[in-house]
């Protein structure tokens with residue numbers, strides 16, 4: 001979902017059919033020379049989704065409280081206030097990474113070496129990381145955060161790929177893998193009463209980000225790019241995966257009249273990437289050029305797009321190497337073929 005309208009830095013392009021879009025990205029098409037090695041891509045099955053990482057979509061602090069329904073009104077207000085602060089949000093994200101680090105290590109799985117976590121024998125907060133470094137995520141945690149994100153842990157990282165066809169795979173198959181996108185009897189009945197079409201007509205979307213926005217040093221944009229190692233990670237390698245996140249700068253401690261206290265003033269930024277990007281570039285009065293593209297295609301075109309990329313060798317068996325990928329391929333292939341008939 002694009003929140004920003006009339007931005008000199010963000011552009012939306014819509015294609016009505018699979019044929020039109022495939023022609024555009026093919027040799028001599030209008031997008032063929034535009035999207036070079038400087039671009040990374042992300043695919044969504046519906047344009048209802050936003051460019052917001054999993055850790056910032058809900059509220060980790062509130063979600064972690066099991067007895068919140070029994071809490072007093074005063075307690076609820078206190079929890080709500082703390083949950084809105086960047087310091088507490090970062091603390092929850094840190095705990096998730098710490099737990100992931102320990103669990104992987106206990107199972108003998110590879111994890112990157114982080115001295116502060118390796119030498120911490122008890123769960124808790126690393127004061128140096130959270131309070132003194134004044135930014136999140138610190139660089140020594142990038143690889144761990146990328147590994148955790150790839151395996152489903154909530155982080156403030158967004159998944160991207162160097163390969164537009166991988167993004168197309170996730171967008172097209174996502175339409176078929178989410179049953180709510182196809183048929184829900186109660187929604188169908190309600191739509192019929194209101195004289196509305198069902199399933200509703202949504203678009204798939206492909207995001208294309210020009211990483212020059214990060215590489216141009218004078219802009220000093222706080223968008224960070226993580227290019228993880230592919231060694232021993234077959235799925236990530238096959239998907240040509242990488243990650244981005246909007247770096248948070250926050251003073252963890254405040255000094256007032258010689259006294260030191262925790263800083264609960266900064267609030268967590270839960271805006272989508274398109275909003276953050278547009279706002280930052282406007283603030284610094286950056287040169288007007290497109291850095292982020294949103295390409296939308298009707299969900300009806302998903303079968304045509306999937307058929308095209310499957311013929312090019314992009315399917316679950318190649319994107320998820322192994323037996324599970326082959327089984328997933330057979331299931332998706334059957335689903336899509338049956339919907340076409």
Exercise for review: Kindly list the number of the only condition in (1) closer than 22 Å to residue 43 by Cβ; (2) surrounded by fewer than 17 Cβ atoms within 10 Å (Cβ to Cβ) that fails for residue 236.
Suggested key: (2)
Study note, to complete from the structure: Within segment 317-328, the residues that are part of a helix (DSSP H, G or I) and over 25 Å from residue 23 (Cα atoms) are 317, 323, 324, 325, 326, 327, 328
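Among the strands (runs of 3 or more DSSP E) contained in segment 198-316, which hold 3 or more residues that are assigned by TED's automatic domain parsing to the domain that holds residue 1, more than 17 Å from the chain's Cα centre (by Cα) and within 30 Å of residue 83 (Cα to Cα)?
Details: elements: 203-210, 223-226, 241-246, 253-256, 259-262, 292-298.
Ranges flagged: 253-256, 259-262.
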Exercise for review: For segment 300-341, name all the residues that are out of contact with any helix residue (DSSP H, G or I) (no Cβ under 8 Å at 6 or more places or on another chain) and either in contact (Cβ under 8 Å) with a residue 60 or more places away in the chain or closer than 21 Å to residue 232 by Cα (or both).
Suggested key: 300, 323, 324
Check your understanding: Out of curiosity, is residue 267 loosely packed, with under 14 Cβ neighbours inside 10 Å and under 30 Å from residue 140 (Cβ atoms)?
Key -> yes
Practice item. Report yes if some residue within segment 205-228 is farther than 22 Å from residue 271 by Cα, surrounded by fewer than 13 Cβ atoms within 10 Å (Cβ to Cβ), modelled with pLDDT under 80 and in contact with a helix residue (DSSP H, G or I) (Cβ under 9 Å, 6 or more places away or on another chain); otherwise report no. Key: no
Practice item. Taking the residues in segment 1-32 that are exposed (fewer than 15 other Cβ atoms within 10 Å of the Cβ) and outside any loop (DSSP other than H, G, I, E, B) as candidates, determine which candidate is nearest to the chain's Cα centre (by Cα). Key: 14
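The values are calculated or read from the model by the stated rules, or taken from the named source; none is laboratory data. Nothing here was measured: the structure is a model prediction, and the numbers come from that model. We place every Cβ from the backbone using ideal geometry, glycine too, and count neighbours over all the protein chains shown.
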